[in-house]
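Reading through the structure tokens given below for one structure.
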Amino acid sequence: MTATAALHEAATGSASWADALLHSFTQAGYVRSEPAILQPAEPFLDLSGEDIRRSLYLTTDASGEELCLRPDLTIPVARAYLASPEAGRPAGFSYLGPVFRYRWGRPSEFLQAGIESFGRQDRAAADAEMLALALQAVAAFDVADVEIRTGDVALFNSLIDALDLYPVWRRRLTKDFNRKVSLEQDIERLTIASSATRNEYEGVLAALAGSDRKAALALVTDLMSIAGTTNVGGRTVAEIADRFLEQSTLKGGALPRNALTVLKRFLAISGEPDEAVVQLRALASDTGLEIGAAIDQLESRIGFMAARGIDISRTRFSTSFGRGVDYYTGFEFELHEKGNGIEPLVAGGRYDGLMTRLGASAPIPAVGFSAWVEALTRISPAPRTGGSRP
């Protein structure tokens, strides 16, 4: 069934799953949001993960503004919230509608349902509520056995900050983490000094030695302006500047071996959340690294999850878990049908940094999740009204 056909059924009342899902979200206090299908492309190009960026359907209006068919609903709902009288205040929204991505042999139009929560300062409690509501939505579709996978990019970022790495190394490792690239492989590469190698851009690399990202971007912009071009091989000025800055930093030496050892130990932590907290506190104690605040937030979230009735023993936490979305800043999770390791039924997380990047004058906490309707309806086309508690 296409997303258009499914929406038609929902409109005529024959798709009971749509009414049931939206009703459960409304009962939880999340009002319906229906943002426009056609959206400005810039936020998705700048802020989304690589998988979304390369699958966009783009067009241009008469004024020259680049637009796209919305590839997901988080950014459109966030933009609608920021344009509303509720902006800056706690507010929650739910949605159900079509999104559009090129998916290599699969339908490019499909349905997405979900919840976004803005403005809540009780972050750990809000995180736990998102996971509980996601489990409730999945339970409504009679999924027999659900795998709960969780992680926290804030822990990884806290560790990188505590290690006091060069900014370019921090950006590179964070990018790899967000894009689900093998960190182990890249970390090994970063431990090998590259000063013995030479390339045709030695002069540029020498000029960038010790520079920050702003200075690197200014230099590369000037050089490309002189050359009369704005991109090379499809790469933007910012991407080229980052690449040059990375190479310049690597010329100065390798990633310290002690940092490599700590990173490997950190990324090996996986299992039940309570045990992960024990291992993380041991790591902090052994290394003297200041990551206690991030661990405290994780432990607080676990407590709220248990209070919500979530079976912590069924929950898997991994320090290396990431969802491949650049704007996530903290808690991340996926719910999978047991045995389906690739396609999640529901996925979400915390994205506190997104709102200022979309134009908010001050930071606004935000967390949410999206349900993959086509995956859920394959399991059970007629969910129980109201679902059940996790």
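Before moving on, here are some points about what is shown:
- Gyration tensor verdict on region 292-353 (Cα atoms; rounded if a/c is under 1.5, prolate if a/b is larger than b/c, oblate otherwise): oblate
- Highest-first arrangement of 314-326, 83-95, where packing means the average Cβ count within 10 Å: 314-326, 83-95
- Taken about its Cα centre, region 50-118 carries a charge dipole of about 200 debye when Lys and Arg each add +1 at the Cβ and Asp and Glu each add -1 at the Cβ.
We did not get these values from a lab; they are worked out from the coordinates using the rules stated. Because the structure is predicted, anything quoted here is derived from the model rather than measured. Please note: Cβ atoms are built from the backbone with ideal geometry, for glycine as well, and neighbour counts cover all protein chains shown.
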